[in-house]
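Down below is the structure, laid out as structure tokens.
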Amino acid sequence: KQWYQRRVRGGVNVSNIIAKLYDGLQLYLATVQSLDDKGIAKKMGLKEHDQILEVNGKCVRDWTSEDLLSEFSECGSVVVVVISVEDRGITDLFLMASREHDLNYLWSLRKLVKLSICNIDFSGEGLDISNITTLLQELIVTNCSLKCVTQIKGLGRLRSLKRLILTHNSLTDLDERTMLKLRELTDLQLGYNLLRNFPDVVTRMEKLEELSLIHNQISLLPDEVVQMRSLEKLHLDNNVLTELPEYVTLQLPQLRALTLENNKLKPNTRSTQQTRSKFYYKIGL
């Protein structure tokens, strides 16, 4: 769901606005508490409970009412970006190219549960979600030129995150410190990246149930995979695996789906025969 913002303009004499405390507008934490029906703010289009996000291109997240009034007094006209109380309650937000400026307003969405971002280049300064609500449960960042997870600033704060999708990027490794903070994560999808090694850190993510590493360059599974006692689904298609250790099928009690198509596995080995008998998925031999 695309969230909705309104831009309201006032080309009025700001000295009169300041004298009347913005002509009947009462603010608390950049949120409109009340409006005078005959005031200028009302005529500009502001509504009660609107949250002011931006004034003349400046984010007002940490501003006081005095800061707002000071900004009003210095300009001959005012352009205000606001979000309504209804839109502050949205739980699912999708952003793509040309909407990246909306990332500046994520702090106002206190009930956001799912955030999807696609086709925005973060190869330079990265993605900053350090002010987003810690209640977020699902984060999707695809085709955004990410090279490492540390480019997602504030990712480690998301202690309620259950699903993380970082497909179609340029990841070569995972930052251990960041990933281990995501203790509630159950679903991790890292397909279509540049991973050459199986990311060891995922073997220590105790609640992980589904892991997708399709379309990378992984050639070997580490012994530590047996530590993933909660793992139910493992997707390794389109890598360069040459061997499937027996412990993958014997020592992962919860594993019920394993996909291995388009690898370089040797046919008719004991481990691949066991795999054929245990799983419904093709292993692409």
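Quick one: is T203 within 26 Å of the chain's Cα centre (by Cα), within 25 Å of S145 (Cα to Cα), outside any strand (DSSP E or B) and hydroxyl-bearing (S, T, Y)? Step through it out loud before you land on a result.
Working: within 26 Å of the chain's Cα centre (by Cα): yes; within 25 Å of S145 (Cα to Cα): no; outside any strand (DSSP E or B): yes; hydroxyl-bearing (S, T, Y): yes.
It is false that T203 is within 26 Å of the chain's Cα centre (by Cα), within 25 Å of S145 (Cα to Cα), outside any strand (DSSP E or B) and hydroxyl-bearing (S, T, Y).
V78 - would you say it is surrounded by fewer than 18 Cβ atoms within 10 Å (Cβ to Cβ), modelled with pLDDT under 75, more than 30 Å from L139 (Cβ to Cβ) and hydrophobic (A, V, I, L, M, F, W, C)? Before the answer, list the steps.
Working: surrounded by fewer than 18 Cβ atoms within 10 Å (Cβ to Cβ): no; modelled with pLDDT under 75: yes; more than 30 Å from L139 (Cβ to Cβ): yes; hydrophobic (A, V, I, L, M, F, W, C): yes.
So V78 does not fit the description; no.
Filter the range 162-179 for residues that are assigned to a helix (DSSP H, G or I) and either crowded, with 18+ Cβ neighbours inside 10 Å or in contact (Cβ under 8 Å) with a residue 24 or more places away in the chain (or both) and give the result. Step through it out loud before you land on a result.
So in the range 162-179, the residues assigned to a helix (DSSP H, G or I) come out as 176-179.
Within the range 162-179, E176, T178, M179 meet the criteria.
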For the range 72-84, indicate whether the set of residues that are touching a residue at least 24 places away in the same chain (Cβ under 8 Å), under 24 Å from N169 (Cβ atoms) and not aromatic (F, W, Y) is non-empty.
-> no
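Can you give me the number of residues within the range 247-277 that are closer than 20 Å to H215 by Cα and modelled with pLDDT of 90 or more? Break it down stepwise before answering.
Filtering the range 247-277 down to residues closer than 20 Å to H215 by Cα leaves 248, 257-266.
Checking which are modelled with pLDDT of 90 or more leaves us with 257-264.
The qualifying residues number 8.
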For R88, work out the one condition from (1) of a type in the set (D, E, K, R); (2) in a loop (DSSP other than H, G, I, E, B); (3) surrounded by 15 or more Cβ atoms within 10 Å (Cβ to Cβ) it doesn't fulfil.
-> (2)
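Surrounded by 15 or more Cβ atoms within 10 Å (Cβ to Cβ), at pLDDT below 85, among the aliphatic types (A, V, I, L, M) and part of a strand (DSSP E or B): does that describe L68? Full working, then the answer.
Details: surrounded by 15 or more Cβ atoms within 10 Å (Cβ to Cβ): yes; at pLDDT below 85: yes; among the aliphatic types (A, V, I, L, M): yes; part of a strand (DSSP E or B): no.
No.
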Among (1) open to solvent by 30 Å² or more (accessible area, probe 1.4 Å); (2) within 30 Å of R159 (Cα to Cα); (3) at pLDDT below 75, T31 falls short only on (1)
Report yes if some residue within the range 254-262 is among the β-branched types (V, I, T) and surrounded by fewer than 18 Cβ atoms within 10 Å (Cβ to Cβ); otherwise report no.
-> no
Based on what the data block shows, is T142 touching an Asp or Glu at 6+ places or on another chain (Cβ under 7 Å) and not aliphatic (A, V, I, L, M)?
-> no
Are any residues in the range 206-241 over 18 Å from S170 (Cα atoms), touching a helix residue (DSSP H, G or I) at 6+ places or on another chain (Cβ under 7 Å) and not in a loop (DSSP other than H, G, I, E, B), and if so, which ones?
-> E224, V225, V226, Q227
Return a yes/no flag: does the range 128-151 have any residue that is surrounded by fewer than 17 Cβ atoms within 10 Å (Cβ to Cβ), on the phi > 0 side of the Ramachandran plot and either in a helix (DSSP H, G or I) or of a type in the set (S, T, Y) (or both).
-> yes
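Do we find that L109 is at pLDDT 90 or above, buried (at least 19 other Cβ atoms within 10 Å of the Cβ) and touching a strand residue (DSSP E or B) at 6+ places or on another chain (Cβ under 7 Å) in this structure?
The answer is no for L109.
The values are calculated or read from the model by the stated rules, or taken from the named source; none is laboratory data. These numbers were taken from a predicted model, which means no experiment stands behind them. Glycine gets a Cβ as well: all are built from the backbone with ideal geometry, and neighbour counts include every protein chain shown. These area figures cover heavy atoms from the full protein model, side chains too; ligands, DNA and RNA do not enter into them. Shrake-Rupley method; radii C 1.70, N 1.55, O 1.52, S 1.80 Å.
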